[in-house]
Each structure stands twice: as structure tokens, then as C-alpha cells.
């Protein structure tokens, strides 16, 4: 017998639950272990049901337990732990993709823009998946990058053009840290301003 579904379930939660149960029933309602969880996760990804958030093996197991499925608990615990470790490693790789913000090499405006746009995509992903640890690491990286840019802007051994760029990058990171959702719109306005064009005519 199907478990009662709370009235306040979101559309995503309802679609995910329905898909999990449908795939399990399509498999013949077997006992649930590693193989079954993997097949159900793959089905969620293929049909973009996972777009509303990553679905862990433990979440799938809970849904199926509500439906009366028999669970192979040791397999589920082991598979969920391995899956979570893989998620952590994937997030770490994502952070490596923006580590250039805090690198020793001086960034150009074009490079900084690309990295900050990637920062925002990662921030949105971490927010969707509830990954608070990676969100904090991302913010710390942006703060470090801003401090480096400000330091370089004050470094009299660098040519004035580079110092101006670094000051600009520091400002970009300040805006992103304060209002990340508005950064892209703000940057377009900034790049079209007379002040920006006057300072960085070579940047297009």
C-alpha cells in the first residue's frame, strides 16, 4: 500500500518520488541494494528528474521504504557512503577550476570575468544541493582572490595598467561577494560605463 504523500510536497519531490517508485516497480519490486539504487539514480539523471537536486542513494532508499520495499541495509549504507565521497571529490575538482583567482599569476580582466562567472555557477549548484561546506570554501576563495587583487593594485612595482586592472578585479569580487545573483547584470552595466571604457579601452 502506498504511503500517504504530504500535501505540501513540492512538484519536484512528487515527480522524483513517482519516478523512483515507477523504476522500482518496473524492475519487479526487488529487494533494494546497490544495483537497484544505481539503476534508479541513472533513470533519474536520464530523464532530468535530478535537475531539482542531486538524489542520494539514502534518499531513494527512504522513498522505497515508504512504499514497502525490503532494503538490503548494509549494501545501501556502503553505497551511499561511496557515493557521498565521490560527490565531495567532484566538488573539489570544481573548486580547482576557479583556484586561479587566488593564484600567484596576475589575472587579466577577461580571465577574472570567466572565473567569477564560474564561481557563480558553482555557487548556484552548491545552493541547489545544500552543500554548505563547498559554499563556504567558494566564498573563502573569492575573499582571498579579492585581497590579492587589492594588494597588487597597491604594488608600486607593477605598471599602472596592471594595477588598474587589479583594482577593478577587486571591485568585481566585492560585488559578487555582496550580491552574487546580481553580479552578471551589474558587470554588463559597469563595462558599458564611461569610467570603465576610459580606463580599459584596450579591453574592448
* Looking at this structure, is residue 8 at pLDDT below 90 and either more than 30 Å from residue 186 (Cα to Cα) or in contact with a strand residue (DSSP E or B) (Cβ under 6 Å, 6 or more places away or on another chain) (or both)? -> yes
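Quick check: anything in the range 43-57 more than 29 Å from the chain's Cα centre (by Cα), surrounded by fewer than 19 Cβ atoms within 10 Å (Cβ to Cβ) and either in a helix (DSSP H, G or I) or modelled with pLDDT of 90 or more (or both)?
No: zero hits.
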* Asked: Hey, among 169, 150, which residue is touching a residue at least 60 places away in the same chain (Cβ under 8 Å) and assigned to a helix (DSSP H, G or I)?
  -> 169
* **Of all residues making up the range 81-102, the number that are in contact with a helix residue (DSSP H, G or I) (Cβ under 9 Å, 6 or more places away or on another chain), closer than 15 Å to residue 120 by Cα and at pLDDT below 75** => 5
* Name the residues in the range 105-125 that are more than 20 Å from the chain's Cα centre (by Cα) and either in a loop (DSSP other than H, G, I, E, B) or crowded, with 17+ Cβ neighbours inside 10 Å (or both), would you? -> 105, 106, 107, 108, 109
* To do: Taking the residues in the range 172-185 that are assigned to a helix (DSSP H, G or I) and surrounded by fewer than 15 Cβ atoms within 10 Å (Cβ to Cβ) as candidates, determine which candidate is farthest from the chain's Cα centre (by Cα).
  => 185
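The values are calculated or read from the model by the stated rules, or taken from the named source; none is laboratory data. Everything quoted here is computed from the prediction, not taken from an experiment. Don't worry about glycine lacking a Cβ; one is built from the backbone with ideal geometry, like all the others, and counts go over all protein chains shown.
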